[in-house]
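What follows is calculated from the coordinates using simple rules that are stated; it is not laboratory data. These numbers come from a predicted model, not from an experiment. Here Cβ is always computed from backbone atoms with ideal geometry, including for glycine, and neighbour counts include all displayed protein chains.
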Amino acid sequence: MKSFVSVDSVENINALVDDALEIKKNPHVHSCLGKQKSLCLIFLNPSLRTRLSSQKAAFNLGLDAAVLDVGSQGWQLEFTDGVVMDGDKAEHIKEAAAVIGSYFDVVAIRAFAKLEDRDQDYSEQILTAFQKYCPVPVVNMESSTAHPLQALADVITIEEHKKKAKPKVVLSWAPHPKALPQAVANSFSRWMQVVDYDLTITHPEGYELAEGVVGQAQVEYDQQKAFEGADFIYAKNWSSYADYGKVLSRDLNWMITADKMKLTNQAKFMHCLPVRRNVVVEGRVLDSDSSLIIPEAANRVTSMQAVLKNILEGLN
Ligand code: CP
């Protein structure tokens, strides 16, 4: 793997997941692979899990990691070609990405959707610019439209807890006070289908994901019907794709509750975190034995480590 920007970067997902499960058994077995190599973690947006799990994964591989918070530490970056830079942006991505690539062996970047212009977000302007101007492998730590490290951690978690080869997995929209990107839902849907789980997506009308993202998944507008027979419930809020970036509903009837979990096949509950208790999901679901949120977050170390190992093996 040269770079890891989406599910399409991975030639064999089953092999990557198997490798991740092996890494988890002995996380320090490859501690020399990253020796004398370095990783730059670039954040244009906040993070708890991605930042710390990436540092931990690098540590486990013997890789030095540096963190750049662009908002508070770096110059504000310009991404548009041919622009007259007489505003507040002090540095163009052309120079910044090339310079960072001259210091580090691998670069990872987080750059959320702005939710103002769908075409611009879905063109992945920032991630694409890094891939274009940075001469080293690039890892996507959540871009405008995708969060593949989270989706890989989700697959690892389901593999560890599934009781049948092809579990029924339900991606459920849930309410949230703010407009959130579609990145997590997009990646979850695509990865679930590539590993061939039985995926149902449920959401209120108006929250349809992009056609290429939905693929062959079942779409069920009745949340309670979708939950019937489910082995995993994955809750996530996203803003509208059609009416781009808009919050069309804050209907708390879509919150995941303990009563709704009773409709399932004793399903495990998942969420990528951070999560708003008693808005997205009842606290008693998060605190129940069915909740996988902490092991799922712990698997973010394993997913990043599997990706970095694969990239480093290509460099050595
Ligand atoms: N799930 C996830 O990416 O968490 P952070 O935003 O805290 O990194």
Review point. For segment 4-37, how many residues meet the condition of being more than 16 Å from the ligand (Cβ to nearest atom) and either among the hydroxyl-bearing types (Ser, Thr, Tyr) or touching a Cys at 6+ places or on another chain (Cβ under 8 Å) (or both)?
Key: 2
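Would you confirm, using the coordinates I've provided, whether residue 194 is in contact (Cβ under 8 Å) with a residue 60 or more places away in the chain and within 16 Å of the ligand (Cβ to nearest atom)?
Details: in contact (Cβ under 8 Å) with a residue 60 or more places away in the chain: yes; within 16 Å of the ligand (Cβ to nearest atom): no.
No: the conditions fail for residue 194.
May I ask you to list the residues in segment 261-285 that are over 23 Å from residue 209 (Cα atoms) and not aliphatic (A, V, I, L, M)?
Looking only at segment 261-285, we keep the residues that are over 23 Å from residue 209 (Cα atoms), and these are 261-268, 277-278, 282-285.
Listed by number, the residues that qualify are 262, 264, 265, 266, 268, 277, 278, 282, 283, 284.
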Revision key, fill the gap. Residue pairs within 9 Å by beta carbon, gap of at least six or interchain, first lying in segment 297-315 and on the phi < 0 side of the Ramachandran plot and in a helix (DSSP H, G or I), second within 16 Å of the ligand (Cβ to nearest atom) and of a type in the set (Asp, Glu), listed first then second, are 299/154; 303/154
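This table checks each residue for (1) aliphatic (A, V, I, L, M); (2) within 16 Å of the ligand (Cβ to nearest atom).
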site	(1), (2)
136	yes, no
152	yes, yes
156	yes, yes
188	no, yes
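Counting just the residues of segment 38-62 that are under 24 Å from residue 126 (Cβ atoms) and in a loop (DSSP other than H, G, I, E, B), which one comes out farthest from the ligand (Cβ to nearest atom)? If you could, list the steps in order and put the result at the bottom.
At the first step, the residues of segment 38-62 found to be under 24 Å from residue 126 (Cβ atoms) are 38-55, 57-58.
Next, from what is left, pick out any that are in a loop (DSSP other than H, G, I, E, B): 44-48.
Details: 44: 12, 45: 8, 46: 7, 47: 3, 48: 4 Å.
Out of the qualifying residues, it is 44.
Within segment 129-178, take every residue that is assigned to a helix (DSSP H, G or I) and more than 16 Å from the chain's Cα centre (by Cα) and give me the one that is surrounded by the fewest Cβ atoms within 10 Å (Cβ to Cβ). Lay out the reasoning, then the answer.
Here is the first cut: in segment 129-178, the ones assigned to a helix (DSSP H, G or I) are 129-133, 148-161.
Next, from what is left, pick out any that are more than 16 Å from the chain's Cα centre (by Cα): 129-133, 159-161.
Working: 129: 22, 130: 28, 131: 18, 132: 12, 133: 17, 159: 17, 160: 14, 161: 15.
That would be 132.
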